[in-house]
Amino acid sequence: LIHRFEPGFEAGRPPLLLLHGTGGDEADLLPLGRSVAPGAALLSPRGAVLENGMPRFFRRLADGVFDEADVRARAQELADFIAAARSTYGLAAPVALGFSNGANIAAALLLLRPEALAGAVLLRPMRPLADPPEAELSGKAVLMLSGAADPIVPAQNARALAGLLEAAGARVEHTVLPTGHGLTQTDVALAKGWLARQE
Ligand code: MLT
């Protein structure tokens, strides 16, 4: 996959895997990654699917209706990319930091290829699969930040994702902020504080 990599300079910080939203690219989340995890290595792939010219991490049939066969195939492709990048750059398992479509593919990675990630920060995620396999996520921590007024993600859909991850053994912290689909300074502050507590 096309990607950007920035080496870390603080030993002991897990690398961050940055996963952009629809229409973003590999440069998009580098400033966010730097601000929430100063000194961490940053690995930032570009989604390989194009929707009207906008990069994404998997195909959708309509807003909020996912092509689940593509979700599964793209999650495998992304997990293989992560494994290859870890050996090229000498990285530990990364913590994903994904926004919107990027959060959704990170959730799919957790459910389908749990070994790919050490944990995840999911910003405005949805449940990516109606019928995911049983994953083993004990020992992994996940922060989910949702928006109470998010027009794209129904509140009960985000709660269902939190429930799925918890049932698989993940330690999930799910906070619903009084905002919409876009990110706020509160997201940045909460993500930064949570990441600092994981080390
Ligand atoms: C998705 O397609 O993954 C979600 O609808 C979020 C988005 O990218 O708008």
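The values are calculated or read from the model by the stated rules, or taken from the named source; none is laboratory data. Remember, predicted model here, so these are calculated numbers, not experimental data. Note that each Cβ is placed from the backbone with ideal geometry, even for glycine, and that neighbours are counted across all protein chains shown. With ligands, DNA and RNA removed, areas are computed over all heavy atoms of the protein, side chains included. Shrake-Rupley method; radii C 1.70, N 1.55, O 1.52, S 1.80 Å.
Summing Lys, Arg as +1 and Asp, Glu as -1, what charge do residues with Cβ under 11 Å from the Cβ of Pro133 carry, Pro133 excluded?
-1
Given a 1.4 Å probe and every protein chain left where it sits, what share in percent of the accessible area of the chain is carbon and sulfur?
53
Work through the residues other than Leu190 whose Cβ is under 15 Å from its Cβ and net out their charges, Lys, Arg +1 and Asp, Glu -1.
Result for the neighbourhood of Leu190: +1.
Run lengths n ≥ 4 of DSSP H only: what is the helix-derived mean residue ellipticity at 222 nm for the chain, with -39500 (n - 2.57) per run over all residues, to the nearest 500?
Helices in the chain give a 222 nm mean residue ellipticity of -10500 deg cm²/dmol.
For Glu51, which sequence-distant residues (separation of 5 or more, or a different chain) have an amide H within less than 5 Å of its own amide H, given hydrogens modelled in the peptide plane?
For Glu51, whose amide H was placed from the backbone, the distant partners under 5 Å are Arg56.
Note down the nm distance, to one decimal, between modelled labels 7 Å out along Cα→Cβ at Val188 and at Ala84.
Going from the Val188 label point to the Ala84 one covers 3.4 nm.
Using DSSP to define loop residues, name the chymotrypsin sites (Phe, Trp or Tyr not before Pro) in the range 1-109 whose beta-carbon has at most 14 other beta-carbon atoms within 10 Å.
Of the chymotrypsin sites (Phe, Trp or Tyr not before Pro), the ones in loops of the range 1-109 whose Cβ has at most 14 other Cβ atoms within 10 Å are Phe9.
Of all DSSP beta bridges located in the range 3-197, what percent are antiparallel, nearest 5?
Expressed as a percentage, antiparallel bridges in the range 3-197 total about 30.
Would you mind telling me which residue in Gly119, Gly21, Gly163 has the biggest mean-square fluctuation in a Gaussian network model of the chain, where springs connect alpha carbons within a distance under 10 angstrom?
Gly163
What are the ³J(HN,Hα) values, in whole Hz, obtained from phi via the Karplus relation 6.51 cos²θ - 1.76 cosθ + 1.60 with θ = phi - 60°, for each residue of the range 12-29 in sequence order, with x given for Gly and Pro?
Running phi through 6.51 cos²θ - 1.76 cosθ + 1.60 with θ = phi - 60° gives x, 7, x, x, 9, 9, 8, 10, 6, x, 4, x, x, 8, 5, 8, 3, 9 Hz.
Between Ala40, Ala141, Ala167, which gets the highest mean-square fluctuation from a Gaussian network model of the chain, Cα cutoff 10 Å?
Of Ala40, Ala141, Ala167, the Gaussian network model singles out Ala167 as fluctuating most.
Mind putting together the pair-distance distribution for the chain? All Cα pairs, 10 Å bins, whole percent per bin, short to long.
The percentages, shortest bin first, are 9, 41, 40, 10, 0.
How many nm is it between the label spots at Asp70 and Ala27, if each spot is 7 Å from the Cα in line with the beta carbon?
2.5
Per residue, how many Å² of accessible area does the range 3-197 show with a 1.4 Å probe?
About 42 Å² of surface per residue is accessible.
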